[in-house]
Amino acid sequence: MFRIIRFGVMGHVKLLGTTGLGFIPIIIAAYISFSIADRPGLAPAFIVGLIAQQSGTGFIGGIIVGLLVGYLTKWLKKMPVPQKLSVVKSLILIPLISTAVVGLLYMYVIGIPLKGFTAGLTSWLKGMSTGTNSVMLAVIIGAMMAFDMGGPVNKVAYTFGIDCYAEGVYGPSTAMFLAIAIPPFGMFLATLLDKKLYSKEEVENGRTAAIMGIFGITEGTIPFALADPLRVIPSIMVGTAAACAVNAAFGVVQKTAMATLMALPFASNIWLYGLSIIIGAVVTALMVNFLKKVTHHQVEDAEE
């Protein structure tokens, strides 16, 4: 009975996740455009962002659309128009021109080669998702997700994971979702293991990072990375890659769009999935604390 309920819930959670994730490229396009050109950039980016999403160019397409619509709209806002047309300039003229120009440009010039590039890259990466290559692919995805904690490299790995998830290839998507919260969990554990290496503010940041990690937010690690990038970034990359590699070696997958700890009840093997999370956090914490201690001793020796 429990198994029936569990798999029924998994199916509905997957449906919610797939539906929500399908909107993300459109939302990315709209709000990048909004950040550049304000409200006149919203509607065109939503429209062309939908075209990008339907054409299969994913997050990369959404980013490109947002930038193109945003800067074109910003330029059009500066163009002089007759007094009679000034009332409808922002409401009708600019969105209409931006939609037509960027939409046609995307469909006939940008979209086709971008789709080919995305498909080729996805095909190559998916070729690594079986056998011993699956562990190596998980290592690459984990390291990329941790490298810039929500930045461009992270987004490439995230996009690939979402594409695999949408097509029912769950090994890479599991690695991607697993990787999201390993850095904040690792830094929280590091502050617990040796508080002398961290300021009071950093200890508080560690607790905040742990809470953010529970909800699948990597950015809780950013304060640590900004304060000590040479020791924190390599450590979270190694720890996250270790978690993803161990999980891939175990052959554990989860078929939801939930990150790390939230996906635990839906993993094909809850215990091994949980063990992978623990291993990733421990590796991160031990490595970053070791590097900080080595640096601390070197500074003391230099002062003597």
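The values are calculated or read from the model by the stated rules, or taken from the named source; none is laboratory data. These figures come from a predicted structure and were not determined experimentally. So basically every Cβ, Gly included, is an ideal-geometry build from the backbone, and we count neighbours across all protein chains shown. To get the accessible areas, we keep the full protein, side chains included, count just its heavy atoms, and leave off ligands, DNA and RNA. Shrake-Rupley method; radii C 1.70, N 1.55, O 1.52, S 1.80 Å.
One residue is enough: does segment 233-245 have a residue meeting the conditions assigned by TED's automatic domain parsing to the domain that holds Gly142, of a type in the set (Val, Ile, Thr), over 28 Å from Ala166 (Cβ atoms) and open to solvent by 60 Å² or more (accessible area, probe 1.4 Å)?
Scanning segment 233-245 turns up at least one residue that is assigned by TED's automatic domain parsing to the domain that holds Gly142, of a type in the set (Val, Ile, Thr), over 28 Å from Ala166 (Cβ atoms) and open to solvent by 60 Å² or more (accessible area, probe 1.4 Å).
Kindly evaluate Gly111 against the criterion of being in contact with a Pro (Cβ under 8 Å, 6 or more places away or on another chain), at pLDDT below 85 and within 23 Å of Ile162 (Cβ to Cβ).
No, not satisfied.
Free of Cβ contacts under 8 Å to residues at least 60 places away in the same chain and either open to solvent by 40 Å² or more (accessible area, probe 1.4 Å) or in a loop (DSSP other than H, G, I, E, B) (or both): does that describe Met287?
Yes.
Just to confirm my filter: which helices (runs of 4 or more DSSP H) fall fully inside segment 145-240 and include at least 1 residues that are over 21 Å from Ile24 (Cα atoms)?
Where helices (runs of 4 or more DSSP H) fall fully within segment 145-240 and carry at least 1 residues being over 21 Å from Ile24 (Cα atoms), they are 170-179, 182-193, 200-214, 222-227.
Does Leu72 qualify as being modelled with pLDDT of 85 or more and crowded, with 19+ Cβ neighbours inside 10 Å?
yes
Within segment 176-220, can you find the residues that are of a type outside the set (Val, Ile, Thr), within 25 Å of the chain's Cα centre (by Cα), at negative phi and open to solvent by 20 Å² or more (accessible area, probe 1.4 Å)?
Phe185, Phe188, Leu189, Glu202, Glu204, Asn205, Arg207, Met212, Phe215, Glu219
Across segment 246-265, which residue is surrounded by the fewest Cβ atoms within 10 Å (Cβ to Cβ) among those that are without any contact (Cβ under 8 Å) to a residue 60 or more places away in the chain, touching a helix residue (DSSP H, G or I) at 6+ places or on another chain (Cβ under 7 Å) and of a type in the set (A, V, I, L, M)?
Leu264
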